[in-house]
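Data first, discussion second: the structure below is written as structure tokens.
The values are calculated or read from the model by the stated rules, or taken from the named source; none is laboratory data. Quantities reported herein were computed from a predicted structural model and do not represent experimental measurements. FYI the Cβ positions are ideal-geometry reconstructions off the backbone, even for glycines, and counts take in every protein chain you see.
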Amino acid sequence: MEPRNETAVVEFVLEGFQVAQHLGKVLFPVHLLVYLASVVGNTLIIVITWTDPHLQTPMYFFLRSFSFCEGCFVSTVIPKLLSIFLFRDRAIHFTSCITQAFFFLFLGSTIFFHMAVMSLDRYLAICKPLHYPTIMNPRVCFLLVFFSYVLSFTLITGVILKLSCLSFCGSHVIPHFFCDLGSLLHLSCSDTKSLERMAFGVALVVLFTSIITSVFAYINILFSVMHLPSAKDRQKAFSTCSSHLIVLSLMYGSCVFIYVKPKQTSRLESNRVAALVNTVVTPLLNPVIYTLRNKQVHRALRNALSRVNLQK
């Protein structure tokens, strides 16, 4: 084989969105407000469900962990995007890029496993109400959350370790606003077929394990609810699941579009729009959905505000 001149890439350039070159200072405050609202909203859910004695149930324990993951997830991408908008600082070091890719995929996978756990929790609460307190005891709840993190860490670490061993010797411009796996594979001058197959397999495990679990849970919930004698009981059962179903549809739609395809380098342009929904819009909507549609959280917020006013 004829030897090639190869210069190892030590820094990437995030192309982001073309419009950011002209409207960066306009987009900055918009995305900053969205980011702050997302972080504050998820933090508020954590604090309220942690401090209110009426919310010390498995459902809110899982919601607390889910909100923590969401707050961390949005923080892996948006701060760098804000830097691009305000300072046009599009450069990112190789190590920082790989680290960002790891935490983005790790936290994203953990969120999906959390969604599966939350679906099972609703299934047991509605379909097995007599056995629910025994099955979903504090130890089981902790183990479910713990294994969500461990399984996600194990799956994503293998992908990222293999990614970090690739050679990047050509273009160093990433056609995305963060270090996306598909974009990095597109830039590599190594043979990426095995890593693409591995990433596709991991995506299938993460997404479809969560989807199948959620579908199983909600089909059983639907049958159980339809057999409830009282219309009030049916409405109450549906109301406890509606917020979760809305969040599920938002997350699954964008992530299946982005990751479940054998060739990760395809459709890079359309992936950016779906990724923006997944990383910016969804983490903002989740706390809104869970608070606006939840009477117990409303009550806890009112109680917290009353305590604050009394202290003043």
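Scanning region 19-78 for residues that are of a type outside the set (Asp, Glu) and outside any helix (DSSP H, G or I), which turns out surrounded by the most Cβ atoms within 10 Å (Cβ to Cβ)?
Of everything passing the filter in region 19-78, 77 is surrounded by the most Cβ atoms within 10 Å (Cβ to Cβ).
Give just the number: which of (1) free of Cβ contacts under 8 Å to residues at least 24 places away in the same chain; (2) of a type in the set (A, V, I, L, M, F, W, C); (3) within 18 Å of residue 67 (Cα to Cα) does residue 116 not satisfy?
Unmet condition: (1).
Test residue 249 against the stated conditions and say whether it is at pLDDT 85 or above, under 17 Å from residue 115 (Cα atoms) and hydroxyl-bearing (Ser, Thr, Tyr). Can you show your working first?
Details: at pLDDT 85 or above: no; under 17 Å from residue 115 (Cα atoms): yes; hydroxyl-bearing (Ser, Thr, Tyr): yes.
Here the answer is no, as residue 249 does not meet what is asked.
Just checking, which of 206, 202 is buried (at least 21 other Cβ atoms within 10 Å of the Cβ), within 17 Å of the chain's Cα centre (by Cα) and at negative phi?
Just one listed residue meets the conditions, 206.
Could you go through region 220-235 and let me know if any residue there is at pLDDT 85 or above, touching a Ser or Thr at 6+ places or on another chain (Cβ under 8 Å) and either assigned to a helix (DSSP H, G or I) or over 30 Å from residue 296 (Cβ atoms) (or both).
No, that holds for no residue.
Scan region 123-169 for residues that are touching a residue at least 40 places away in the same chain (Cβ under 8 Å), outside any helix (DSSP H, G or I) and not aliphatic (A, V, I, L, M) and jot them down.
Passing the criteria: 167, 168, 169.
Can you find, within region 76-112, the residue that is farthest from the chain's Cα centre (by Cα) among those that are within 13 Å of residue 160 (Cα to Cα) and among the hydroxyl-bearing types (Ser, Thr, Tyr)?
Filtering region 76-112 for residues within 13 Å of residue 160 (Cα to Cα) gives 94-106.
Filter once more, keeping what is among the hydroxyl-bearing types (Ser, Thr, Tyr): 95-96, 99.
Details: 95: 22, 96: 20, 99: 16 Å.
Ranking the qualifying residues of region 76-112, first place goes to 95.
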